[in-house]
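The values are calculated or read from the model by the stated rules, or taken from the named source; none is laboratory data. Only a predicted model underlies this, so the values are computations on that prediction, with no experimental measurement involved. All Cβ positions, even for glycine, are placed from backbone atoms using ideal geometry, and neighbour counts span all protein chains on display. Side chains are part of the model used for accessible areas, which takes the heavy atoms of the whole protein and leaves out ligands, DNA and RNA. Shrake-Rupley method; radii C 1.70, N 1.55, O 1.52, S 1.80 Å.
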Amino acid sequence: MRIIAGIAGGLQLESPEGEDVRPTYDRVKEAWFSSLQPRLRGARVLDAFAGSGALGLEAKSRGAAEVVCVEQDAEAAALIERNIEHTGLDVSLVVGSVPSVLTGLFAGREFDVVLLDPPYRIDPDDLTAVLAAVADVTAVGGQVWLEAATHGPDPVWPATLRLERSRRYGSTTLHTAVREEPA
């Protein structure tokens, strides 16, 4: 696993181990960031369910002004810290459950881009709650990117997040939604 482009392009990242781990493939990451590139310069980015921190580090390498990674697992958080140190990129890490951090620590904050890569086995009701919390921390006009299992249930988007597109990459589907003004 590596950073694909930007000031840290080409640097290798440490990968988590285990059967339950599913790092984002370079092909999928390239697709995300090819579409995201015009929005990244100066953006505030949230990488939730950060895992190795690869998505947040890629965003920072490509010009995001602020990147915050959120990870609940202590081992994964330690891995993210090592990857941050290795790259020398200014990325923040918050250790805690995504729903708690979004509704607590981040209440009242706004991000321009939110990257979500939850476990494919996440309970659909839990994902719905996460998406509702994400809507509250996404700036109007901001984008939410969700990586999900192609053959899993379709995500239930809150009214303020309008699904723009879904694109399949084998067993992975990338969903892109935009935050709209509340009605």
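Across the chain, the longest piece that holds none of the trypsin sites (Lys or Arg not before Pro) lying in DSSP loops with up to 11 other C-beta atoms within 10 Å covers 42-120. For the chain, the spherically averaged projection of the C-alpha convex hull amounts to 9.4 nm². Taking 0.36 nm per residue of sequence separation and removing the Cα-Cα distance, the Thr128/Val156 pair yields an extension gain of 9.5 nm. To the nearest 10, the accessible area of His175 is 20 Å² with a 1.4 Å probe.
Dipole magnitude for the chain: about 740 debye, using +1 per Lys or Arg Cβ and -1 per Asp or Glu Cβ, origin at the Cα centre.
Other residues with beta-carbon under 10 Å from the beta-carbon of Ala65 carry, at +1 per Lys or Arg and -1 per Asp or Glu, a net charge of 0. Each of Thr128, Thr150, Thr176 has its accessible area taken with a 1.4 Å probe; listed largest first, they run Thr128, Thr150, Thr176. Here the spin labels are modelled as points 7 Å beyond Cα on the Cα-Cβ line, and at Arg167 and Ala31 they lie 0.7 nm apart. Only Cα pairs under 8 Å and 6+ residues apart enter the sum, and on that basis the relative contact order of the range 69-174 stands at 24 percent. The solvent-accessible area of Leu163, taken with every protein chain present and a 1.4 Å probe, is close to 80 Å². Across the range 74-133, the fraction of Cα-Cα pairs farther apart than 17 Å, rounded to a whole number, is 51%.
Split the chain at each of the GluC sites (Glu not before Pro) in a DSSP loop with at most 15 other beta carbon atoms within 10 Å, and the longest piece is 20-109. Of all DSSP bridge pairs formed entirely within the chain, close to 45 percent run antiparallel. In the Gaussian network model of the chain, springs joining C-alpha atoms below 10 Å, which of Asp126, Asp117, Asp73 carries the largest mean-square fluctuation? Looking only at Asp126, Asp117, Asp73, the largest GNM fluctuation is found for Asp126.
Projected label points at Glu81 and Ile7, each 7 Å from Cα along the beta carbon direction, are separated by 2.3 nanometres.
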